[in-house]
Structure formats: structure tokens, C-alpha cells
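Data first, discussion second: the structure below is written as C-alpha cells.
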Amino acid sequence: MKLDQYFLNNKEVAKKLVEAAETKKKDVVLEIGAGRGFITEEIAKKAGKVIAVEIDESFKRDLKKLPKNVDVYFDDINRVLDEKIKFNKIISNLPSSLAEPLAKRFINENFEVMALLLPLKFFHKLNDPFFSVYYDSFLIGKLEKESFSPPTRTSWAMVKIIRKKEPLFEKDWERYLRKYLYEHPSAKLKNSLMEAIVRIYQSKGKALTKNQAREIISSLNLSLEEPVSAQDIPSVSQKIVQHLSN
Amino acid sequence: MARGDVWENFSYHFNDTPYNKEKDYLKHYDDKILIVSNFEEPYLCAENKCLVLNSPQADSDNTLKEIKSSLERNEKVMITAQAISAPYNQYDGMRYHLLSKKRNYPKTEGEKIISNYKLELIKQWPEENLKIYFIEKD
């Protein structure tokens, strides 16, 4: 086994994965880690176009047999993404070591849905305060270890991930505060909060001065001098939203 | 803008019952049976097939039968943390209902039901203490 990859050997699972992404002819699907093309074949039946990325050139012979609507890139997925390719869905049996870095990378990519096979443990991580700012994750089901060659050593799952809309559009102020704080890790908490609160007001078409925002923050008794740690962000943003709703 | 106005404008936009978060999340699961508390029922059961705990119609034996037969049909069976803890710690609007805060009995109906099964956590909202689980086959 190369590159910590477990190859899917169950056609029913492959079909269900393609269904989970609600794949249609209008879709351009990015597949990461095409391997021998086992899932690629199923995607190609439903999608208009498939962009299959595989880093291991030893699969070249297998991937040559794929239908015409499949473009194969033998390259690192990060380099392919750097080329600004266009796609709207992602389907993959992810190598476990790539799950977290790619989930972080896709925060900045424009896509609608991901359908992934990944370690169950990582599905739980997708529900943490950081990833849940950007994604809604759904467990489609747990998978038999024997659905893979070699069998996986830990529990694996089929997961659907939908990109969340911008929190300001959804008036989800708590998520907006969390997002703002995660995206400005080196700023002082009081400055980040002040900016975030002013922007919330702006999004509602209302004016709020920085002094008025400071006034709100100063009444919360937060420790404001240090850059806020990632673990403290959920409680800080929740505290603000709770306080403001009183 | 006076300080009073700032507070007033903010507070209006921060009110949403936590049950609506569950409702939005559950929309994405098809073919499921959902076990909820009677406090969640008005929010979650219009669009989902539900078994309601802590309601006058609740029947533990029937609930167990339904869970068993749904699992045999390979349907998704989901239970909320509110159903497990009912009648305690139930949201009424934004906060726990006052009378649901004091726990008098050692084991709830939901706790008895889940003692027969393994649960898989699929979603949680830690600040509101809301969770949704899959009930798994033995």
C-alpha cells in the first residue's frame, strides 16, 4: 500500500458515494486520488465532466481505459488546485493523511458539495468549532472494513459535506464572530471583536461607531489583552451573542 | 445613537430557538425516523417521521418495536439528546424551561431506550448542549 491509500472494492459503495453528491450531467466533478479508476467510472456515468487527479503514475494504464468525459491529471492535488481549475463537486476516497489539510484547503475553494470516504474520526472533527464555521457535515453511513483493499484498520465513513453560506447573509452572528476571530489569529481580541461587531451592524444597513462597539465589548468582562486562543473562540463568541440577546 | 438603541437593535437579531438548528441540519437526511422530545415536536416533526418521548401518546414498547423494525429495514434511526434527557433540560424558546431544570427521577424514558443500543454521535452544538445520534444495529 502506497500513500496510506485504502482502495475501495465495493461497487455499491461507489454508486452510493456518487449519489450522495447528487451528481448530474451539468456537474464538473473533481476526484482526488483516482487510483485504478474504480470510483471514477461511476462518477463518469452520472457527471458531465470528471477531473480525476492521481499522484501515482503507476496507475496510468488503468486510467487510460476511462470514458472520454474524464480528464486525468497525474499530479499533486495542491498543484492542480493552484491552476484554478473549475469544478462544482468533489468526490473522493481520501488518503487519511490528506483529509485534514484538504478540508482546510477547500475552505477557500468554490464548490457546492463534497462526498467523501474518510476515517470516522475525521468526520467528528468536521463538527468542531473551526470546521463548522465553513461546513455542514452529514454522516451517510459507516463502512465495512472489508469494503477496502487492504481492509481499513479503523472505522471509515461515507460523509457528505455542504459548504455553508456566508454567516452574515444568514444572520448567524455567532458563526460570523467565530469566523472573524479564526481568520485574524494574531490580532488582539478587542480589536477583532470591535471590527466584527461594526461589520455586523453594517450588514444590517446600520451605522455603529468603533466607540459604540468598544462600549459593548467593555461591558462583557472579557480578558482582552492577549491574542485569543483557538480553544477560547467558541466561548467568547457565544458569550457575546448571549449577552447581546439579553 | 444612544446606548439603549444599540442594545435594543442587537437583541432583536439574536433570538432564535436552538431547535431550529436541529431542524435545518436534519433537512439533509432522507428516509429517517427521528426520536424527539415533546418540546422538540413542534419544530422537528412537521417535516420528519417522528416518535415523540414524554408525550401523552408515548409508548416505550411501541418505540422500541419501531426502532427495531426500522433498523431491520436499514433505515436511519436518529435520536436527539433532548429526547434522551426528556422531561429534563428542555428548551422553551431560548432557555431551558424552568420546571425542566430539576431532575427528580434516576432514569428517563429515553435513557432506558438507548440502553439497548449503541449510539453514534453525528452532530452537536456544544454551547446549547444539543446533540443528534444515529442509533446503530447491535
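What follows is calculated from the coordinates using simple rules that are stated; it is not laboratory data. Note that the structure is predicted; figures quoted are calculated from it, not measured. Methodologically, a virtual Cβ is constructed for each residue, glycine included, from the backbone with ideal geometry; neighbour enumeration extends over all protein chains shown.
Output the peptides B:76-88, A:67-79 sorted from most to least packed, where packing is the average of other Cβ atoms within 10 Å over each peptide's residues. Provide the component values of the computation, followed by the final result.
On the way: B:76-88: 23.4, A:67-79: 14.7.
So the peptides B:76-88, A:67-79, ranked by packing, come out B:76-88, A:67-79.
Can you tell me, using C-alpha contacts under 8 Å and at least 6 residues apart, the relative contact order of chain A as a whole percent?
16 percent
Please compare each pair in A:Lys26/A:Lys89; A:Lys165/B:Lys27; B:Lys65/B:Lys101; A:Lys165/B:Lys123 to a cut-off of 21 Å on the Cα-Cα distance and tell me which ones are over it. If you can, show how the numbers build up before the last one.
On the way: A:Lys26/A:Lys89 11 Å; A:Lys165/B:Lys27 16 Å; B:Lys65/B:Lys101 30 Å; A:Lys165/B:Lys123 18 Å.
Pairs exceeding the cut-off: B:Lys65/B:Lys101.
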Original post:
Across peptide B:121-130, what mean number of C-beta atoms from other chains lies inside 10 Å of a residue's C-beta?
Top reply: 4
Subject >> Whichever aspartates and glutamates have a C-alpha closer than 13 Å to that of A:Lys84, once near sequence neighbours (fewer than 8 apart) are set aside >> reply: A:Glu109
Original post:
Using θ = phi - 60° and the Karplus form 6.51 cos²θ - 1.76 cosθ + 1.60, what ³J(HN,Hα) does each residue of the stretch A:165-175 get, whole Hz, x for Gly and Pro?
Top reply: 6, 4, x, 5, 5, 8, 6, 9, 5, 4, 5
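Classify the stretch A:7-163 as rounded, prolate or oblate from the Cα gyration tensor: take a ≥ b ≥ c as the square roots of its eigenvalues, call it rounded if a/c is under 1.5, otherwise prolate when a/b beats b/c and oblate if not. Working shown, then result.
Numbers: a/c = 1.45, a/b = 1.17, b/c = 1.24.
Rounded is the answer for the stretch A:7-163, as its axis ratio a/c remains below 1.5.
Around A:Asp71, under 11 Å between beta carbons, what's the net of Lys plus Arg minus Asp minus Glu among the other residues? Each step should come with its number before you reach the end.
On the way: positive: A:Lys49, A:Lys68; negative: A:Glu31.
So the surrounding residues net to +1.
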Subject >> 3J(HN,Hα) from dihedral phi, the stretch B:45-55, Karplus parametrisation 6.51/-1.76/1.60, rounded to Hz, x for glycine, proline >> reply: 9, 5, 10, 10, 6, 10, 10, 9, 9, 6, 10
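Structure shown: which of A:Lys15/A:Lys68; A:Lys171/B:Lys76; A:Lys86/A:Lys160 lie over 24 Å apart, alpha-carbon to alpha-carbon?
Values: A:Lys15/A:Lys68 19 Å; A:Lys171/B:Lys76 31 Å; A:Lys86/A:Lys160 20 Å.
Over 24 Å Cα-Cα: A:Lys171/B:Lys76.
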**OP:** Sequence neighbours fewer than 8 away in the same chain don't count; with that in mind, list the lysines whose C-alpha is under 18 Å from A:Lys64.
**Re:** A:Lys45, A:Lys49
**OP:** Just need the relative contact order of chain B here, percent rounded to a whole number, with Cα pairs under 8 Å and 6+ apart.
**Re:** 23 percent
Subject >> Translational D in µm²/s for the stretch A:1-100 (Stokes-Einstein at 37 °C, 0.692 mPa s, Kirkwood Rh from C-alpha pairs) >> reply: 244 µm²/s
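With an 8 Å cut-off on Cα pairs and a minimum separation of 6 or more residues, tell me the relative contact order of the stretch A:173-245 in percent.
Values: 62 pairs, mean separation 31.2, N = 73.
Dividing the mean separation by the residue count of the stretch A:173-245 yields 43 percent.
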Original post:
Among the listed pairs B:Lys32/B:Lys68; B:Lys68/B:Lys107; B:Lys32/B:Lys118; A:Lys179/B:Lys118; A:Lys164/A:Lys204, which are separated by more than 23 Å between their Cα atoms?
Top reply: A:Lys179/B:Lys118
Subject >> lysines whose Cα lies under 18 Å from that of A:Lys210, excluding same-chain neighbours fewer than 8 positions away >> reply: A:Lys188, A:Lys190
**OP:** Report the net charge of residues surrounding A:Tyr182, where surrounding means a beta-carbon distance below 12 angstrom and charges are Lys +1, Arg +1, Asp -1, Glu -1.
**Re:** +1
